[in-house]
Ligand code: SAH
């Protein structure tokens, strides 16, 4: 039997703190959220490996260190309202939910949306709402958001996300001209029409598919 609590602590020490993540909220969330509950049953023993893992529908749960880097760049605080695009397993939504007031998470695949909803409810995450739909148009009903985080890479920052971001809000997303290679960027909205972009690293995410993303063929 694997001691998941110990494995999780090691993950935080080596992969997260060891790579320079300092945000106390992020470190604490990574210590508390059981990643083994978000990976397929047959891969549980690899839950704390330093890598992404396959989930249903040919998608992937992101590498823990990348999730931590994105959450730190999103500068999350306890009163924030967050939009998470690409729920997938629900892991990134759970990490954000462990820090902020509420997370709205959008997933286009009904199988993944259902299973993430089930996992999050079972673990008691009552401050995450999973919505089925195309996240490239954002989620206007609950805007504005203090942070918008994407677990899939698109060709550009969707227009709706810029509009649905609060002043002072942060978008963290992979952007790239190729479907599987992106630059991870942070976009801060300083004013109505004033956005500042910062490069965080080169990454490889699954494609963001939708109206303002890649097309589905
Ligand atoms: N954050 C997730 C990562 C899942 S992979 C996790 O922690 O597990 C990215 C997910 O984005 C996939 O489930 C994929 O179906 C979803 N996706 C891709 N394009 C999307 C879109 N336009 N709207 C919503 N979800 C999308």
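Just so it is clear, none of the values below were taken in a lab; they were calculated from the coordinates. Note that the structure is predicted; figures quoted are calculated from it, not measured. Counting neighbours? That spans all protein chains shown, and the Cβs are built from the backbone with ideal geometry, glycine included.
Each label point was placed 7 Å from the Cα along the Cα-to-Cβ direction; for residue 166 and residue 118 their separation is 3.5 nm. Taking every DSSP helix (H) stretch of at least 4 residues in the chain, weighting each as -39,500 (n - 2.57) and dividing the sum by the residue count yields a mean residue ellipticity at 222 nm of -6500 deg cm²/dmol.
The value given for the chain is a Kirkwood hydrodynamic radius of 17.0 Å, derived from the mean inverse Cα-Cα separation. Length available on full extension from residue 194 to residue 9: 0.36 nm per residue minus the Cα-Cα distance, which gives 62.6 nm. Available extension along the chain between residue 32 and residue 132 is 33.4 nm, counting 0.36 nm per residue and deducting the alpha carbon span. Does region 129-217 classify as rounded, prolate or oblate by the C-alpha gyration tensor (a ≥ b ≥ c root eigenvalues; a/c under 1.5 gives rounded; else a/b over b/c gives prolate, otherwise oblate)? Oblate, because a/c is 1.5 or more while a/b does not exceed b/c.
Rounded, prolate or oblate: which one fits region 80-194, using the alpha carbon gyration tensor with axes a ≥ b ≥ c (rounded when a/c is under 1.5, else prolate when a/b beats b/c, else oblate)? Each step should come with its number before you reach the end.
Working: a/c = 1.91, a/b = 1.31, b/c = 1.45.
It comes out oblate by the Cα gyration axes.
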